[in-house]
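In what follows, a structure is listed as structure tokens, so that the remarks can point back to it.
The values are calculated or read from the model by the stated rules, or taken from the named source; none is laboratory data. Given the structure is predicted, the values throughout are model-derived calculations rather than measurements. Every residue, glycine as well, gets a Cβ built from its backbone with ideal geometry; the counts of neighbours run over all protein chains shown.
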Amino acid sequence: MAVFADVSAGRIITSDKNSAYFIGPDGQVAADSLQFHVDASKLHLMKMGIGRGKDLSSSAVKIGVKTRPLSYVGVAITRKEFYQMGHRNSFTWEQVNRELYTYDSHANRSITHYWKKQGQIDSTFRAPTPSFAHDANTTFYYSGLYIFTDANVSSVYTTCNSTKGDYPCMDGNTCYNYKHVCDQANFCSSDHKDEMGCPAPLYPGQVEESEDTPLDDDRNLWRAKHVWPYRTDLAFGWLHKYTKQSGGNAITLKASPIGVTWVLSGFALNPEHGLSIAQPVTEKLHMWIFIKVGGQTKVRLGEILSLEILISNKWSEPVDALLSIPASDDYSFVQIDREDGSLGSPVSGEQQILVPMFEKSKRVIYVPIEPHRTGSMAIPVRLLSVIGGHSATLKITVGHDGIQDRNITNYQVDLRQANSERLPDLFITVEESHIAPEQRLEVYVEGSAKSYVNVIGDIVGISFFPKTNYDLKTTNLIGKPYYSGSEATFNFAANLYALNMVRSLGTLDKSKLAKITTSLNVEMQEMLSYLQPDGSFLEFRWSFRPSTWLTATALEVLADGTKLTDLRDEFKMPSTVVNLTASWLVQQQDNTTGEFFESGEFHNRMYVSRTNIYVDDTEIPANLALTALCVASLNKAASTTTLGEDALKAIKMGSVFLAQHFRKSVDPLEVALATYALFTTDETSSKQQALSYLKSMSRTNKQMRYWSSQDIAAELIETNGHDTTLRIMPKKGDSVGAYTVAATSFALMAYMENSEPISQLNEIQRFLQEQHLSVGGFYSSHDTLIAMRALTRLADKNQDRATYDMTFTFTSDQDDTFRKVIRLNKDNWFDLQRFQTPSHWGSIRTHVKGHGIALVQLETSKHVADDRDQLKKPPIRGIIDLGDFNTDITTRGFNHSFIDYKLCPRWNGESDQSGMVVLEVTLPNGYKASNWGSQRLVKKKRGTTSLRAAQHLNGLMVFYFDYINKSRSNCAEFTASRKYPVAKIAELTRIKVYEYYEPSNFLLTYYEKIELNKLTVCLVCGSYQCPYCPFYNTAGVHSPYSVYTYLIYSIALIIQYVLYSMVS
């Protein structure tokens, strides 16, 4: 009998495998083995500790390290909440052991059990493990040994063909294939050998935490949505040093947040003793005394806000804290008269407030401030005390009273044929005086009128905004919120297509790429949060059914994202989501006719069928637009990813259906989309017929071509009386504007698929350039997405963009000294250039020379008040109304601390109901609504109304409805409460209701609350001087005894207490 041990080399030993065998007289070999885990973590120890700095603050944290001399040590610090989420920048012994075990993956490994805390491995138990083998031959195999002998090392007889990947079950009769290993099917029914050594099965949606899968792993995408925004937070790199001869050293880390609990991680490497990993150290760091400054960050001119200053004393003794707020021309302080409690005159000097603090106590005081100008400003606050100081700053934005009215003027400059051009004047449609001549009517709020000129390179009309950190969203492109699946899809697509534009020019540097891909990754996680396990997409997270048109749109965007294979280190598209989404989309097709159906609500009325067909003598909607969208999306996915046979069959059936029925439609959008879809497929017989039919439906205006259900007026270029100078007037929205942009964009893509002449393509893209209603965007997210896709493809056809170089010279007819020069070339071609005009009236003259193409925009805004007739009106008057909503907005509480809202929009259009509708309610400054309460309302009413989402952000309450109809049954109810003291609140507050995918159908109005404007600093308790207010802490004395009786009785109690103390 012989016994031997197989010991791994090196200091780190993960396991010990012992094998025993015996050779009998007949040459038969009997063998067995045993494996047990070896803990190497105690061979080399490392200790760490967190020390306070000399200033006793948390601005610098000194890390003390103790281990063997001349060891290489590294430390990192992470916030505890991130550490608990699994977002760690450290490694553990468990990770090291699992990695080393992979080198023995073919052999027996210890049976392991994990104990987890908060989703992460806390401790591990590994039991000694006998061999899985059932004969001598496989015993040596599972021990990791190769044998060379002439003895009879027997194995169980089997007919399994190992060359084909077949292996025997323990009964020796049944064979299982390598494909059956760890598939949780138990192919070996008697002994489950095919499932031996496999990880525990996961329940649906579970991620195997013990594997520590990286954030870019497909299975972890559901978590990365919450974690990803913090990937650049704190110390993701390790700070490192070598220990001294004593074995110790100190490393300084910066950790400035106040009152934060940190987790310290560390490791050490020694050439003689190997690896050591320290136990994580947790400690809460804070200053002994510090302040936090809060308050309303957005106010209007004339309002009084209060700084909310929290003073926290962590010292074990009482401390006197001196607060100092410097004087500024931007604001003044509001004081309360100590004699009568009235508001005194504004104080402009520096304010110093002495605040006594008890030991280990907190105190909040309010300092009222009245801003004197609009714009952004910073209010610094400094704390001084005997144990240290601290400073904090509150940044506020001051706006104008009233409701903002915006206009935009577009003009495309094309110098590809000429080398210079004098543009028509950009006319600013704001009067010089804010009061109408010979009237007392204020046409706009004084000082609120502003105008800006934007210059955007290329024909796409959408560029990056450096001030927004290269992150394109609905908020900065089209001025819309984003709380739905379609908006999240748009945010991802806008950054994706803009990235492709920048890369096409070949001038993308690493810093820009890092910012863009960071935004791209974050937006992708937000988009995928609306993805369901079956591959469909929801418009809202609380929707009952997924949306077919949204899923098709998302599929095409995801397919475009898979093309960024060369940016795998910076961005990774999930490998399975395209196939998963395509599989679900195929299931929405009629297997007989080939058309696709909407599984949810028609949030976007573009895809409501306008054509009917007969099937078995029954008239049904043809769903031409929806079918064409699904066919085009599936075909795009098929061009980037290998799809199954079902998807390819669905594309074929859908294209045949479109070829059979497109002639029956008289709707431009349906025909444009069907034509484009046919050109993307192999259906060659009907392509040219569809294109001819599409051309016959086009409309023209001033050498521009477009597709719409009605005539669209071009931007007006006119003269003014005897002045023959041409002036461009602002773009006015159309009731079918988004529909027109989408139809024209699909037609443009169909033209490009057929390689139509560039002159015809330019006619179409010039029309699209005039349709911008915002900086870079069009009407809504969906039409902007389609236009971006079409214009980006057209721009890629231009091969000489690298040679573009244009110089713009802007002057003003109101200021002879003003002259602004902007140069666009390949270095800044896709960066928005923007400047403010010298005056808010008159015209801007523009002369441009060079070579290239660009879009020039004039953006004008003003605030109107006191007259609803001055507010912007929709093309179709009264298409949405709110009834007498002022009576449904009520205040309550002594100082109107609560505002109750009930708003019930109604649809008055020709159709029975609208598409998706958004209700935006601006809250008075200082008030806030509860997101939890609003979302609870949505969950409560989603079964009886069309209300689907609610969100409060930065003083704006947003509600989403699937639709609104001609009744007032779809209402939004919520309560806003005072969060910060604000006095003299502006009377007018904005309300807007609009159809999201056709936003020219809207209602813009305001509600008035005069009682809020009458609130003083005393009434909102917005000052540390509130005890001087006349009603502060006062109450009537309802007693038969007089005040003098109470006074005498109090004096007697005091004397009694003093005498008792002396006797004691």
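Restricting attention to the range 959-975, the residues that are within 19 Å of residue 923 (Cβ to Cβ) and buried (at least 20 other Cβ atoms within 10 Å of the Cβ) total 4.
Among the residues making up the range 410-425, those that are of a type in the set (S, T, N, Q) and assigned to a loop (DSSP other than H, G, I, E, B) are 417, 419.
Does residue 868 qualify as being free of Cβ contacts under 8 Å to residues at least 24 places away in the same chain and surrounded by fewer than 19 Cβ atoms within 10 Å (Cβ to Cβ)? Lay out the reasoning, then the answer.
Numbers: free of Cβ contacts under 8 Å to residues at least 24 places away in the same chain: no; surrounded by fewer than 19 Cβ atoms within 10 Å (Cβ to Cβ): yes.
No; evaluated as a whole, the condition is false for this residue.
Restricting attention to the range 779-811, the residues that are surrounded by fewer than 19 Cβ atoms within 10 Å (Cβ to Cβ), modelled with pLDDT of 90 or more and touching a Gly at 6+ places or on another chain (Cβ under 8 Å) total 2.
All of (1) within 33 Å of the chain's Cα centre (by Cα); (2) of a type in the set (Asp, Glu); (3) under 30 Å from residue 439 (Cβ atoms) hold for residue 827 with one exception: (3).
I'm checking my understanding of the structure. Among residues of the range 679-732 that are among the β-branched types (Val, Ile, Thr) and at pLDDT 85 or above, which one is farthest from residue 1000 (Cα to Cα)?
Checked the range 679-732; the qualifying residue farthest from residue 1000 (Cα to Cα) is 681.
Would you mention how many residues in the range 24-38 are loosely packed, with under 13 Cβ neighbours inside 10 Å and without any contact (Cβ under 8 Å) to a residue 40 or more places away in the chain? Outline the logic, then answer.
Filtering the range 24-38 down to residues loosely packed, with under 13 Cβ neighbours inside 10 Å leaves 24-27.
Retained after the next criterion (residues that are without any contact (Cβ under 8 Å) to a residue 40 or more places away in the chain): 24-25.
Number of matching residues: 2.
Screening the candidates 377, 357 for the property of being of a type in the set (A, V, I, L, M, F, W, C) and under 41 Å from the mean Cα position of the chain (by Cα) yields one hit, 377. The one condition from (1) in a loop (DSSP other than H, G, I, E, B); (2) in contact (Cβ under 8 Å) with a residue 40 or more places away in the chain; (3) surrounded by 14 or more Cβ atoms within 10 Å (Cβ to Cβ) that residue 149 does not meet is (3). Restricting attention to the range 881-900, the residues being in a strand (DSSP E or B) and either more than 16 Å from residue 923 (Cβ to Cβ) or touching a helix residue (DSSP H, G or I) at 6+ places or on another chain (Cβ under 7 Å) (or both) number 2.
Take the conditions over 31 Å from the mean Cα position of the chain (by Cα) and surrounded by 18 or more Cβ atoms within 10 Å (Cβ to Cβ) and apply them to residue 370. Does it pass?
On the way: over 31 Å from the mean Cα position of the chain (by Cα): yes; surrounded by 18 or more Cβ atoms within 10 Å (Cβ to Cβ): yes.
So residue 370 passes the test.
When the criteria are applied in full, residue 743 fails the requirement of being more than 25 Å from residue 914 (Cα to Cα), among the small types (Gly, Ala, Ser), surrounded by 24 or more Cβ atoms within 10 Å (Cβ to Cβ) and at pLDDT 95 or above.
If you filter the range 993-1031 down to residues that are buried (at least 19 other Cβ atoms within 10 Å of the Cβ) and charged (D, E, K, R), you find that the one that is nearest to residue 902 (Cα to Cα) is 1009.
Screening residue 672 on (1) small (Gly, Ala, Ser); (2) over 35 Å from the mean Cα position of the chain (by Cα); (3) crowded, with 24+ Cβ neighbours inside 10 Å shows it passes everything except condition (2).
Evaluate the following for residue 476: is it part of a helix (DSSP H, G or I) and among the polar types (S, T, N, Q)?
On the way: part of a helix (DSSP H, G or I): yes; among the polar types (S, T, N, Q): yes.
So residue 476 fits the description; yes.
Quick one: would you say residue 912 is surrounded by fewer than 23 Cβ atoms within 10 Å (Cβ to Cβ), within 18 Å of residue 1008 (Cα to Cα) and either at pLDDT 95 or above or of a type outside the set (Ser, Thr, Tyr) (or both)?
Judged against the criteria, residue 912 is not a match.
If you go through the range 585-595 one residue at a time, do you hit one that is of a type in the set (Gly, Ala, Ser) and at positive phi? Among the residues of the range 585-595, at least one is of a type in the set (Gly, Ala, Ser) and at positive phi, which makes the answer yes.
Selection within the range 675-716: residues that are more than 40 Å from the chain's Cα centre (by Cα) and polar (S, T, N, Q). The member of this set that is surrounded by the most Cβ atoms within 10 Å (Cβ to Cβ) is 686. Yes or no: the range 387-405 includes at least one residue that is closer than 30 Å to residue 848 by Cα, touching a residue at least 12 places away in the same chain (Cβ under 8 Å) and surrounded by fewer than 16 Cβ atoms within 10 Å (Cβ to Cβ). No; the residues of the range 387-405 include none that is closer than 30 Å to residue 848 by Cα, touching a residue at least 12 places away in the same chain (Cβ under 8 Å) and surrounded by fewer than 16 Cβ atoms within 10 Å (Cβ to Cβ).
Considering 139, 163, the condition of being buried (at least 17 other Cβ atoms within 10 Å of the Cβ), at pLDDT 75 or above, not aromatic (Phe, Trp, Tyr) and not in a loop (DSSP other than H, G, I, E, B) is satisfied by 139 alone. Of the residues making up the range 676-698, those that are out of contact with any Phe, Trp or Tyr (no Cβ under 7 Å at 6 or more places or on another chain) and closer than 25 Å to residue 583 by Cα are 677, 678, 679, 680, 681, 682, 683.
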